[in-house]
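Here it is, the structure, as structure tokens.
The values are calculated or read from the model by the stated rules, or taken from the named source; none is laboratory data. Please read all numbers here as calculations on a predicted model, not as lab measurements. Glycine also receives a Cβ, built like all others from the backbone with ideal geometry; neighbour counts cover every protein chain displayed.
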Amino acid sequence: MKAVALKKDVYWVGALDWAIRDFHGYETPRGTSYNNYLVVDDEITLIDTVKYDFADITLQNISGVVDPARIRNVIVNHIENDHVTSLDRIMALAPDATIYITEKGKRGLERFFDLDKWKMKVVKSGDTLTTGRKTFRFLETPMLHWPDSMVTYLEEDKILFTQDAFGQHIASSGRFDDEFVAEYSDAELDDAVTDYYANILMPFGTMIKAKIAEIEKLGLDIEIVAPDHGIIWRKDPGKVFRMYLDMANGKANLSVAIIYDTMWQSTEKMIVPITEGIRDAGVRVKVIKLRATPTSVAIKEFWKARGALIGSPTLNNITYPSVAEYLTHLRGLRPKNRLVGAFGSYGWGGGAVKEIYDDFKRMGLDAVEPGLQILYRPSLQDEEVCFQFGKEFAQKVIEYHQKF
Ligand code: FEO
């Protein structure tokens, strides 16, 4: 691994994590990267650090460009563990460096390190740092995606360093969008952006729109968007802004995701006629079986579709545990602009479908009630009911989709 130039005197010095498959519960089949950046000027500046386990790699990469002891400024755009836990390794080599961070970032960083031994400079939106010929401009982005977050614009090189925003969980041979697309495809890159947005940024759509508007108002000329994960946007940096705005504005496919689990294959037996009904209404459908699918993939599929049907058997009068777990995960992401419904098989008293609708209410989702419950195993007549249920739900999804 070695440093990669974004522009003259501006380098990626991060680390590729090819092996990670579980990023705090988020399935990462493509691995990820921890991106940080070195800017060489009269004063040397490092933007972000990497996860602790990769400290030696970033130090090696920095050393390929300059002696790390020469670092004078460390900009900390975000304090989550994967971006600050090697900060002490950097500061041990460059103890005179000044750390530039937001007020909330400083308060959070105190929970990681003893800050008394380091020079700290708290910055706000509009503050700048000049290092010789280059100027860094800070813009706070609280809750995008943590309270401490900010982005940094390097004026002369027209690079926006965006911490987690606009990233993707990708480890790949190339560091840039054009290189990734040449090796894989546009579709795979789009999928990685959607996956990341759905699982990390879904709750922050309003903030995303406001911050993109603020960046546009500032009139920043952006040639490169350099996030802290995945590929760097240089071929078409506007593309990821457009994708984010579309998603923040509620864009989804005119399709239905059926996300379910099953106990004795009775709920599963409802799936085929429901999908037939949806297709009969002219709407695409995708089926995701929980326990056989990583949660983050099921979240992404929910997010891509305008409508979702959640299927669960009733176990001990409540929702099946894997479905309940999924709904808890989904609730934390505060989904909006999706039409939902529920179905499932039950014995005795039932209960799962009602609980799922209670969860929909807690999430504030638009729901088609009352859902569909089938006693024990679906009969042939029940399958006709399932078909109609799917068809009517899809017709409502078509109407709902017109609003966006
Ligand atoms: Fe990549 Fe919010 O950490």
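Would you be able to tell me the number of residues in segment 282-298 that are at negative phi and either out of contact with any strand residue (DSSP E or B) (no Cβ under 9 Å at 6 or more places or on another chain) or among the acidic types (Asp, Glu) (or both)? Walk me through how you get there before you give the answer.
Filtering segment 282-298 down to residues at negative phi leaves 283-290, 292-298.
Now narrow it down to the ones that are either out of contact with any strand residue (DSSP E or B) (no Cβ under 9 Å at 6 or more places or on another chain) or among the acidic types (Asp, Glu) (or both): 292.
Counting residues in segment 282-298 that are at negative phi and either out of contact with any strand residue (DSSP E or B) (no Cβ under 9 Å at 6 or more places or on another chain) or among the acidic types (Asp, Glu) (or both) gives 1.
Continuing with the same structure: From the residues in segment 146-168 that are of a type in the set (Phe, Trp, Tyr) and within 16 Å of the ligand (Cβ to nearest atom), which one is modelled with the lowest pLDDT? Give the steps one after another, and end with the answer.
At the first step, the residues of segment 146-168 found to be of a type in the set (Phe, Trp, Tyr) are 146, 153, 161, 166.
Keeping just the survivors that are within 16 Å of the ligand (Cβ to nearest atom) gives 146, 161, 166.
Details: 146: 92, 161: 98, 166: 96.
This residue is 146.
For a quick check of your reading of the model, give me the residue pairs whose first member lies in segment 9-31 and is of a type in the set (Ser, Thr, Tyr), whose second is part of a loop (DSSP other than H, G, I, E, B) and at pLDDT 95 or above, with beta-carbon atoms closer than 8 Å and at least 6 apart or on different chains.
11/3; 11/40; 11/65; 26/169; 28/20; 28/21; 28/169
So which of 381, 395, 388 ends up being without any contact (Cβ under 8 Å) to a residue 12 or more places away in the chain and assigned to a helix (DSSP H, G or I)? If you could, list the steps in order and put the result at the bottom.
Numbers: 395 fails: without any contact (Cβ under 8 Å) to a residue 12 or more places away in the chain; 388 fails: without any contact (Cβ under 8 Å) to a residue 12 or more places away in the chain.
Matching residue, one of 381, 395, 388: 381.
On to the next question. Tally time: how many residues in segment 174-201 are away from the ligand (no atom under 16 Å from the Cβ), small (Gly, Ala, Ser) and surrounded by 22 or more Cβ atoms within 10 Å (Cβ to Cβ)? Step through it out loud before you land on a result.
Residues of segment 174-201 that are away from the ligand (no atom under 16 Å from the Cβ), as a first pass: 174-191, 194.
If we keep only those that are small (Gly, Ala, Ser) as well, we get 174, 182, 185, 187.
Cutting the leftovers down to surrounded by 22 or more Cβ atoms within 10 Å (Cβ to Cβ) gives us none.
So the answer is 0.
Does residue 171 satisfy being within 16 Å of the ligand (Cβ to nearest atom), among the aliphatic types (A, V, I, L, M), farther than 25 Å from residue 213 by Cα and touching a residue at least 24 places away in the same chain (Cβ under 8 Å)?
Spelling it out, residue 171 is indeed within 16 Å of the ligand (Cβ to nearest atom), among the aliphatic types (A, V, I, L, M), farther than 25 Å from residue 213 by Cα and touching a residue at least 24 places away in the same chain (Cβ under 8 Å).
Next question. Does any residue in segment 349-362 that is assigned by TED's automatic domain parsing to the domain that holds residue 330 and under 12 Å from residue 335 (Cα atoms) come within less than 6 Å, Cβ to Cβ, of a residue that is modelled with pLDDT of 95 or more and not in a helix (DSSP H, G or I) six or more places away or on a different chain, and which pairs are these?
From residues that are assigned by TED's automatic domain parsing to the domain that holds residue 330 and under 12 Å from residue 335 (Cα atoms), the pairs are 360/340; 360/367.
Would you please name the residue that is farthest from residue 209 (Cα to Cα), looking only at residues in segment 124-144 that are within 16 Å of the ligand (Cβ to nearest atom) and crowded, with 19+ Cβ neighbours inside 10 Å? First the steps, then the outcome.
Kept after step one, since they are within 16 Å of the ligand (Cβ to nearest atom), are these residues of segment 124-144: 140-144.
Keeping just the survivors that are crowded, with 19+ Cβ neighbours inside 10 Å gives 140-141, 144.
Details: 140: 14, 141: 11, 144: 11 Å.
Going through the qualifying residues, I end up with 140.
Next question. Among the residues of segment 276-293, is any in contact with a helix residue (DSSP H, G or I) (Cβ under 8 Å, 6 or more places away or on another chain) and within 16 Å of the ligand (Cβ to nearest atom)?
No, there is no match, as no residue in segment 276-293 is in contact with a helix residue (DSSP H, G or I) (Cβ under 8 Å, 6 or more places away or on another chain) and within 16 Å of the ligand (Cβ to nearest atom).
If the requirement is being more than 16 Å from the ligand (Cβ to nearest atom), assigned to a helix (DSSP H, G or I) and under 16 Å from residue 10 (Cα atoms), which of these qualifies: 61, 73?
On the way: 73 fails: assigned to a helix (DSSP H, G or I).
Going through 61, 73 in turn, the sole match is 61.
OK, next. On the given criteria, is residue 388 polar (S, T, N, Q) and closer than 30 Å to residue 207 by Cα?
In short, no.
Taking the stated definitions as given, is residue 46 out of contact with any Leu (no Cβ under 6 Å at 6 or more places or on another chain), in a strand (DSSP E or B) and within 22 Å of residue 234 (Cβ to Cβ)? Break it down into steps so the answer makes sense when it comes.
Values: out of contact with any Leu (no Cβ under 6 Å at 6 or more places or on another chain): no; in a strand (DSSP E or B): yes; within 22 Å of residue 234 (Cβ to Cβ): yes.
So residue 46 fails the test.
While we're looking at this one, here's another question. Being under 27 Å from residue 25 (Cα atoms), of a type outside the set (S, T, N, Q), buried (at least 21 other Cβ atoms within 10 Å of the Cβ) and within 16 Å of the ligand (Cβ to nearest atom), is that true of even one residue in segment 205-219?
yes
At least 1 residues that are buried (at least 19 other Cβ atoms within 10 Å of the Cβ) and over 28 Å from the mean Cα position of the chain (by Cα) in each: list the strands (runs of 3 or more DSSP E) lying fully within segment 262-377 that qualify. Full working, then the answer.
Numbers: elements: 284-289, 305-311, 339-346, 372-375.
Fully inside segment 262-377 and qualifying: 339-346, 372-375.
So that you can scan it fast, the table gives a plain yes or no per residue for (1) surrounded by fewer than 21 Cβ atoms within 10 Å (Cβ to Cβ); (2) closer than 24 Å to residue 124 by Cβ; (3) out of contact with any helix residue (DSSP H, G or I) (no Cβ under 8 Å at 6 or more places or on another chain); (4) not assigned by TED's automatic domain parsing to the domain that holds residue 12:
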{"site": "45", "(1), (2), (3), (4)": "no, yes, yes, no"}
{"site": "59", "(1), (2), (3), (4)": "yes, no, no, no"}
{"site": "70", "(1), (2), (3), (4)": "yes, no, yes, no"}
{"site": "80", "(1), (2), (3), (4)": "yes, yes, yes, no"}
